[in-house]
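Structure first, commentary second.
The values are calculated or read from the model by the stated rules, or taken from the named source; none is laboratory data. Being a predicted model, the structure only gives us computed values, none of them experimental. Methodologically, a virtual Cβ is constructed for each residue, glycine included, from the backbone with ideal geometry; neighbour enumeration extends over all protein chains shown.
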């Protein structure tokens, strides 16, 4: 035996003897064959010495330790199970190679006689800690689930024995949703759209585990991490504020903000937003995850945004609905107070199913806009089931929506309606994906509440709609497709059909029942050879009266906002988007040209021209001869530039500045639709967890 090993043995025995003398959680220690003849009281020491000898004889320190002259400590938690087998539960070491070396050493340990309690085999856990370079080693036994022998004055060890581990970016391997953010999603869109991948990119939000297969979040964050040793430095630049982990659970907790200050120079309005938020995420076991955010906000925005927010105000006296957020109450003389809470729980019983219950938003499509289902409206309660197998992903979503207009409010309560949709995504080839969409909206007429006819996940909703009455529901169908030309270029599209009447659609007479829309788009990744330059072009066109209905609440809307495209219907739109990020610096540019058709809303002309999804078709302007952008035709331009810096990739905290120009030119100025131009300069710090839409 070398002098070093002799020193280790002496130190080891003297340290553990004092420690083990106080442990009474195990009736009888595990027994190595060479310890079988030892007396009961000598078994702990024999166990310790044998573990030490086996570890020393099997542990091969990686060359990296000596090459870098590393000095530090290694902590090992291992178990001897009921069969007497050794199992490493956790290794805390600075080098991956060192962790692997410890694992390899324990794999060579033989099976032994397990520990017993009340004469029955039981598992027992032990902690190792030893410094590098090797100087001393200690072993501490601990029971995972101590048994209370007697009620007395002695302290139990159950609380102290709770296992603690180091948080290791567990969120990125979990089944919680990745917050919907167009810029953040663009960072990994390239990796999801490689030729030959068998994934599905239309159903959003994604869960981390399905994206992490292609885009290593932890590795990407590590590449831009800042070397900080202080607690504040690590939390500000690289980590969650609170992060902890134990056996079979992990939790992170972060404060956040959305602080903005700006100027609408044309209307001479000082704008601001003051959002404080707290968000938590975590997992319990491998199957259950959760995510929750609570926002408390006050704000005043550009003039056009404030006017629109007030034009969709709810019944009951509140002055506005902040688009995409929720109902606002008055704050001060000219501002809004709008609290919001979102979150979901996610349960994954197998690799084929993911089940979610939450309050938030969903999105279907590969574009910036969606004609099927978008995140344009305020959050809502939902229940969702994702089924993935073979070349198919099938998503069923059931939602509870609100109609908050005065004409449908009863006894101070908003009208409830329900929506169910399903979307089937099928990878026909390694390049071509197609999707089939169907959705239905129904109200609580005749006190039927949630109609369980629509709970069946595989039926055709239109057949159920007919069986419940022609005005008992509003069903829509849609198609989508995506084709990958190369690993860097793909094209996508959508088709929405609201009133499936082939004679009206193909008749060429401009029937109001010709309620269709389509989307065409393309994406170019690493454009022109510049890594992380993302370019996108998209065209959307939706005919008049699409998404509206002749029954007052069966429109495709929620809280006075469209559940699909931000502009509603009766429009055409062309969008170009550029996004770029290098390290922590990022930039976005967006240009939109659109032609829209609004109602006149005058005493002389109060007809519905088909742009507002909340309009009633019984007040339509004509049965035939309806044209795109009819009514008060408006030319619309929106340009936006944003530059920023990612402060913390773990929490998506960003600082940014933006410049937006908006030109709105209707054919005729009315009380609600009038010519205006907006130049909005804005600066802010925000935790990027959702999309703001200023482009309407």
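Kindly state which helices (runs of 4 or more DSSP H) lie completely within region 37-132 and contain at least 2 residues that are over 26 Å from residue 246 (Cβ atoms) and more than 39 Å from the chain's Cα centre (by Cα).
In region 37-132, the matching helices (runs of 4 or more DSSP H) lie at 43-58, 63-67.
Among the residues making up region 384-408, a single one is in contact (Cβ under 8 Å) with a residue 12 or more places away in the chain, loosely packed, with under 15 Cβ neighbours inside 10 Å and part of a loop (DSSP other than H, G, I, E, B): 391.
Against the conditions (1) under 24 Å from residue 287 (Cβ atoms); (2) free of Cβ contacts under 8 Å to residues at least 60 places away in the same chain; (3) surrounded by fewer than 18 Cβ atoms within 10 Å (Cβ to Cβ), residue 167 satisfies every one except (2). Take the conditions (1) within 15 Å of residue 295 (Cα to Cα); (2) part of a strand (DSSP E or B); residue 349 misses just one of them, which is (1). Just one residue in the set 291, 301, 206, 244 is within 26 Å of residue 373 (Cβ to Cβ) and in contact (Cβ under 8 Å) with a residue 40 or more places away in the chain; that residue is 291. Set side by side, the residues 609, 556, 545 differ, and just one is buried (at least 21 other Cβ atoms within 10 Å of the Cβ) and in contact with a helix residue (DSSP H, G or I) (Cβ under 8 Å, 6 or more places away or on another chain), which is 545.
Could you say whether any residue in region 306-318 is outside any strand (DSSP E or B), in contact with a helix residue (DSSP H, G or I) (Cβ under 8 Å, 6 or more places away or on another chain) and free of Cβ contacts under 8 Å to residues at least 60 places away in the same chain? Outline the logic, then answer.
We begin by selecting, within region 306-318, every residue outside any strand (DSSP E or B); these are 306-318.
Right, trim to in contact with a helix residue (DSSP H, G or I) (Cβ under 8 Å, 6 or more places away or on another chain) and you get 315.
Remaining after also requiring free of Cβ contacts under 8 Å to residues at least 60 places away in the same chain: none.
Scanning region 306-318, I find no residue that is outside any strand (DSSP E or B), in contact with a helix residue (DSSP H, G or I) (Cβ under 8 Å, 6 or more places away or on another chain) and free of Cβ contacts under 8 Å to residues at least 60 places away in the same chain, so the answer is no.
Identify, please: which residue in region 574-583 is in contact with a strand residue (DSSP E or B) (Cβ under 6 Å, 6 or more places away or on another chain) and either without any contact (Cβ under 8 Å) to a residue 60 or more places away in the chain or not in a strand (DSSP E or B) (or both) and is, among those, surrounded by the most Cβ atoms within 10 Å (Cβ to Cβ)?
Our first condition is that a residue be in contact with a strand residue (DSSP E or B) (Cβ under 6 Å, 6 or more places away or on another chain); within region 574-583, this holds for 574-580.
Filter once more, keeping what is either without any contact (Cβ under 8 Å) to a residue 60 or more places away in the chain or not in a strand (DSSP E or B) (or both): 574, 576, 578, 580.
Working: 574: 15, 576: 14, 578: 16, 580: 19.
Only one residue tops the list, namely 580.
Against the conditions (1) under 25 Å from residue 645 (Cα atoms); (2) out of contact with any strand residue (DSSP E or B) (no Cβ under 8 Å at 6 or more places or on another chain), residue 601 satisfies every one except (1). Only one of the numbered conditions (1) within 19 Å of the chain's Cα centre (by Cα); (2) farther than 24 Å from residue 299 by Cβ is violated by residue 392, and that is (1). Screening region 289-305 for residues that are in contact with a strand residue (DSSP E or B) (Cβ under 6 Å, 6 or more places away or on another chain) and outside any strand (DSSP E or B) and picking the one that is surrounded by the most Cβ atoms within 10 Å (Cβ to Cβ) gives 301.
Checked against (1) under 24 Å from residue 376 (Cα atoms); (2) in a strand (DSSP E or B), residue 324 passes all but condition (2).
Just one of the numbered conditions (1) touching a residue at least 24 places away in the same chain (Cβ under 8 Å); (2) surrounded by fewer than 16 Cβ atoms within 10 Å (Cβ to Cβ); (3) under 30 Å from residue 330 (Cβ atoms) is not true of residue 258: (2). Pick out the one residue from 600, 586, 571 that is touching a residue at least 12 places away in the same chain (Cβ under 8 Å), surrounded by fewer than 22 Cβ atoms within 10 Å (Cβ to Cβ) and over 28 Å from the mean Cα position of the chain (by Cα). Selected residue: 600, the only one of 600, 586, 571 that is touching a residue at least 12 places away in the same chain (Cβ under 8 Å), surrounded by fewer than 22 Cβ atoms within 10 Å (Cβ to Cβ) and over 28 Å from the mean Cα position of the chain (by Cα).
Determine whether region 363-378 contains at least one residue that is out of contact with any helix residue (DSSP H, G or I) (no Cβ under 9 Å at 6 or more places or on another chain), within 27 Å of residue 257 (Cβ to Cβ) and surrounded by fewer than 18 Cβ atoms within 10 Å (Cβ to Cβ).
Applying the first criterion (out of contact with any helix residue (DSSP H, G or I) (no Cβ under 9 Å at 6 or more places or on another chain)) to region 363-378 yields 363-365, 367, 369-378.
Among the residues that remain, those that are also within 27 Å of residue 257 (Cβ to Cβ) are: 363, 374-378.
Imposing the further condition that a residue be surrounded by fewer than 18 Cβ atoms within 10 Å (Cβ to Cβ) reduces the set to none.
For region 363-378, residues out of contact with any helix residue (DSSP H, G or I) (no Cβ under 9 Å at 6 or more places or on another chain), within 27 Å of residue 257 (Cβ to Cβ) and surrounded by fewer than 18 Cβ atoms within 10 Å (Cβ to Cβ): absent.
Within region 10-31, not a single residue is modelled with pLDDT of 85 or more and surrounded by fewer than 18 Cβ atoms within 10 Å (Cβ to Cβ). State all residues of region 509-529 that are surrounded by fewer than 21 Cβ atoms within 10 Å (Cβ to Cβ) and under 22 Å from residue 492 (Cβ atoms); if no residue qualifies, say none. Within region 509-529, 516, 518, 520, 522, 524, 526, 527, 528 meet the criteria.
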